[in-house]
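In what follows, a single structure is set out as structure tokens and then discussed.
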Amino acid sequence: MTVELLTREGCQMCATARRDLTRICGELGVEFTEVDVDRAAADGRPEIRAEFGDRLPVVLLDGDEHSYWEVDEPRLRADLTRQG
């Protein structure tokens, strides 16, 4: 299972989501990646910013939107435990 956090530089909610994911994923032994949507757009992936840029941070599980604006911790733990 892949966990991806979509963020933007200077976003305080993104920083909070990063801390939450670091803690949760660390406890469960799951790694996650972080993608800055503005950098992704500049690197040739404008569709990611177009789709998700107005509701950051966004947590994706296996490429599907799991939560946005904040980490839904109970749901995330359940999903990672069930599928992990």
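Since every read-out is calculated from the coordinates, none of them should be taken as a lab result. It should be emphasised that the depicted structure is a prediction, and the values quoted were computed from it without experimental measurement. For neighbour counting, all protein chains shown are included, and Cβ atoms are generated from backbone atoms with ideal geometry for every residue, glycine included.
Isolated cysteines in the chain, defined as those with no second cysteine Cβ under 4.7 Å, comprise C25.
For the chain, the dipole from Cβ point charges (+1 on Lys and Arg, -1 on Asp and Glu) about the Cα centre works out to 200 debye, to the nearest 20. The slack between E9 and T81, meaning 0.36 nm per residue of separation minus the straight C-alpha distance, is 22.9 nm.
Couplings 3J(HN,Hα) for the stretch 6-23, derived from phi with the Karplus relation 6.51 cos²θ - 1.76 cosθ + 1.60 (θ = phi - 60°), are 9, 9, 9, 4, x, 8, 5, 5, 5, 5, 5, 4, 4, 4, 4, 5, 4, 5 Hz, where x marks Gly and Pro. Computed over the stretch 1-75, the quotient of the alpha carbon radius of gyration and 2.2 N^0.38 Å is 1.03.
Report, to the nearest 10°, how far helix 73-83 tilts away from the longest principal axis of the Cα atoms in the chain, using its own Cα long axis and a range of 0 to 90°. That works out to roughly 70 degrees.
You can think of it this way: the chain between A42 and T2 has 12.1 nm of extra reach, that is 0.36 nm per residue less the Cα-Cα gap.
Ignoring solvent entirely, what values of log10 I(q)/I(0) come out of the Debye formula for the stretch 28-70 at 0.14 Å⁻¹ when each Cα is a single scatterer? Calculated log10 I(q)/I(0) at the listed q: -0.33.
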